[in-house]
Amino acid sequence: MEKFGRSQPVTRVEDRRFLTGHGRYVDDIAPEGALHAFVFRSPVAHATIQTLNVEEARQAEGVAAVLTCADLEAAGLNVLMGATRVNNRDGSKGAKTDRPLLARDRVRFVGEPVAVVVAETRQQAKDAAELIEFDYEDLPVKLDLGPGGETLHDNAPDNRGFDWGLGDEAATQAAFDGAAHVVALEIHDNRVITNSLEPRGCFAEWDGDRLHVAINGQGVWGQKAALVRTLGLPEDAVRVTNPDVGGGFGMKGAPYPEYAVVAQAARALGRPVRWMSERTEAMLSDHGARDLVSLAELAFDEDHRILAYRVHNRSNLGAYNSNFGQIMQSTLFSKVFTGVYDIPVAWLRSEGFYTNTTQVDAYRGAGRPEAIYVIERMMDRAARELGTDPWELRRRNFIPPEKFPYTTVAGETYDVGDFGRLLARVEREADRAGFAARRAESEAAGKLRGIGLCYYIESILGDPSESARVEFNADGTASIFVGTQSNGQGHETVYAQFLSDQTGIPAGKINVVQGDSDLIRTGGGTGGSRSVTVQNTATLATVARMVEAFRPYLAGKMGVAEDAVTFDDETFRAPGSNLTPTMLEAAAMARADGREDLLVHEARTTLPGRSYPNGAHVAEVEVDPDTGAVRVLRYTVVDDFGNLINPLLAEGQVHGGIAQGIGQALIEHTVFDEEGQLLTASFMDYAMPRAEDLPMYGFSSEPVPSTANVMGMKGCGEAGTVGALAAVANALQDAMWARGVRQADMPFTPHRVWRMLHSAQAAE
């Protein structure tokens, strides 16, 4: 068998269903007659609860129940959500903040759930929520990202969640002391809102013995574990499913309070209950992203080789550290990847502080965009201060091909890479040689033009283990059961395509089954670009097991020795036999002979190491100095994703990621007032990128196959965003450098850019 798919650019088969209105999203498939839940949320950022009286709401028309934290506790629920804690630099544990499912005694951010109203219709539930008597005493609001001020949690003095570090601080300091050049830059990474196409939602039903909760999430097993723990039910009494999901972006990976409360309402009332977030509600309550400040430093020798890298990072975690492990990934920079540069010593110190903003946790994209953004902004700044060409400075410090496998100072072992080759390719594809002429044309028109480079590297995160099960059905089709969960990436297409490549089963006869804890025993869900690599590795092992299981059976049919039977990815063959069954034909023969054992095959695999997709992004921007308006005119990407299963889907992932990155760089920004109220709580106020904001992209693949899996694949899900932030920001810095702008931070809205330019002019 071939060890990887045939890399055919197959269009997504699920798109026909989605585009013709036949998607099965959670709000489409809620049980007939289900009650509607509405969440009553805190209108203020910080207060003690004086009165929470829901009796009048309970008597309102159509209302079946109103649940408060006290009601949940009376029903025996474990109302405290899990907290993520890390070790501080002194060896002590980081703060443990207690977050109840519904507010108890105190509210700590605008939008925190306080009570849930359940009624026959959504409007009745909303109307009843207006009758809730909620009196509170305001407490001081803390919004600054630093120590001091009002304490949100007694066990988090100074609102510090943790003081974590990694690296050899003494060796790094020695490197800085002996450096020929030191460059420092404070870098702000603005907060953004995920805004998936489909907001969060769920429904729950209880049959007297078992609970079924459908969630539009990124995997079912973490959600199931949280429900089992919270509701005190046996594992076999809880079923969690994920139907079609309209976007996740990491935001939908964690358990949220609403899921457990809706489940309890269904159990208590004996009727199905459904809940769907509205857009403003989502902006208030979904996990947010980024929002950190980094003071980064680079030490160089006389030849401009990097000696050390040091970052002091402050991350805004929101009101609680309850994001089920994602805080680790986001704020700790995904184990602090040092990028594609050969850095001998490094030190990162992360100082996390809680604030009472309306977002709960700082998370989007698992931390790689933040880490790459910091170091690539630093490389661009260092090149300017050292009088070095930014591209040459990167080349000089790349990990050379002969040093692979290469262990970084953070303990990551990169297996392969050829960064110089990709950089040379993107330099040609982006026509860097012609940039000077294009800049001159812009200057003649009174505009500023800049070019920005970002070279990124990612690590495929998450559980390296995954299972795949293939079942042959009586109707002549096959089903593959997978442990990941599609959020719109095209899993139905790519998994069917890969199984078809390896078995010859027509892709149209393969059903992809995902997102059901009853049908699939375990799985890692989707996140960190793990899905295609780990899932197809398991599929490959399942196919190998399937072939080995059929060989002795078919040897008897063919009248040959078992070791004479071979499979060529389409048919079984043996010398001297005219019998050449396909995989489906072999399964039909086994069914006719009563060999049920040959109709189900399963394998579980664990990747021996992570894979490291990497690539170069080049952006060209033009700035109107009179208005501050910015246009991205050209965008070129050369990526190393290893061997591609479906190049078309990979390119689509990159396109979407770039749009997200450009959106944050130019227009997306979360804004709160001094009282912690979210001012960007609708699409009237929160800008999202549109087609007119984006250029045509140039995308090329330059694969260096991974050695960490037999197919040589590398993930691609977040690559577009990871590269776009720094590429666009560096292009803006390049455009404005000659005008004296030395501090350029996202978002580059017209007003902010205009102020940067005029402030620099005034300073001169």
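The values are calculated or read from the model by the stated rules, or taken from the named source; none is laboratory data. Small disclaimer: the values here were computed from a predicted structure and weren't measured. Glycine also receives a Cβ, built like all others from the backbone with ideal geometry; neighbour counts cover every protein chain displayed. Ligands, DNA and RNA are excluded from the accessible area calculation, which covers all protein heavy atoms including side chains. Shrake-Rupley method; radii C 1.70, N 1.55, O 1.52, S 1.80 Å.
Some points to look at:
- Among the residues of region 384-398, those that are within 31 Å of the chain's Cα centre (by Cα) and either at pLDDT below 95 or assigned to a helix (DSSP H, G or I) (or both) comprise PRO390, TRP391, LEU393, ARG394, ARG395, ASN397.
- Of the numbered criteria (1) of a type outside the set (Ser, Thr, Tyr); (2) open to solvent by 40 Å² or more (accessible area, probe 1.4 Å); (3) under 29 Å from the mean Cα position of the chain (by Cα); (4) modelled with pLDDT under 95, the one GLY94 fails is (2).
- Cβ pairs under 6 Å, 6+ apart, first in region 173-191 and over 30 Å from ARG752 (Cβ atoms) and open to solvent by less than 50 Å² (accessible area, probe 1.4 Å), second outside any strand (DSSP E or B) and not acidic (Asp, Glu): none
- Residue match in region 605-619 (condition: over 30 Å from ASN730 (Cβ atoms) and not in a loop (DSSP other than H, G, I, E, B)): yes
- Checking ALA237 against (1) surrounded by fewer than 22 Cβ atoms within 10 Å (Cβ to Cβ); (2) more than 18 Å from GLN514 (Cβ to Cβ); (3) at pLDDT below 95, the condition it does not meet: (3)
- Here the condition is being open to solvent by 30 Å² or more (accessible area, probe 1.4 Å), assigned to a helix (DSSP H, G or I) and free of Cβ contacts under 8 Å to residues at least 24 places away in the same chain; of ALA268, ALA225, it holds for ALA225 alone.
- Given (1) under 18 Å from GLN653 (Cα atoms); (2) at pLDDT 95 or above; (3) open to solvent by 20 Å² or more (accessible area, probe 1.4 Å); (4) hydrophobic (A, V, I, L, M, F, W, C), number of the condition ALA727 does not satisfy: (3)
- Note on region 74-98: residues that are in contact with a strand residue (DSSP E or B) (Cβ under 8 Å, 6 or more places away or on another chain) and without any contact (Cβ under 8 Å) to a residue 12 or more places away in the chain total 1.
- Take the conditions (1) free of Cβ contacts under 8 Å to residues at least 40 places away in the same chain; (2) assigned to a strand (DSSP E or B); LEU453 misses just one of them, which is (1).
- Residues of region 131-154 satisfying the condition of being open to solvent by 20 Å² or more (accessible area, probe 1.4 Å), of a type outside the set (A, V, I, L, M) and touching a residue at least 40 places away in the same chain (Cβ under 8 Å): GLU133, PHE134, ASP135, TYR136, GLU137, ASP138, PRO140, ASP144, PRO147, GLU150
- Of all the listed residues (GLN733, GLN743), the sole one being of a type outside the set (Gly, Ala, Ser), at pLDDT 90 or above, in a helix (DSSP H, G or I) and under 25 Å from ARG191 (Cα atoms) is GLN733.
- Scanning region 513-530 for residues that are modelled with pLDDT of 85 or more and open to solvent by less than 30 Å² (accessible area, probe 1.4 Å) yields a count of 4.
- Any hit, region 165-176, residues being of a type in the set (S, T, N, Q) and more than 30 Å from GLY663 (Cβ to Cβ): yes
Listed here are the residues, each with its yes/no results for (1) surrounded by fewer than 21 Cβ atoms within 10 Å (Cβ to Cβ); (2) at pLDDT below 95.
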position	(1), (2)
ARG573	yes, no
MET583	no, no
ARG610	no, yes
HIS617	no, no
VAL637	no, no
GLY657	no, yes
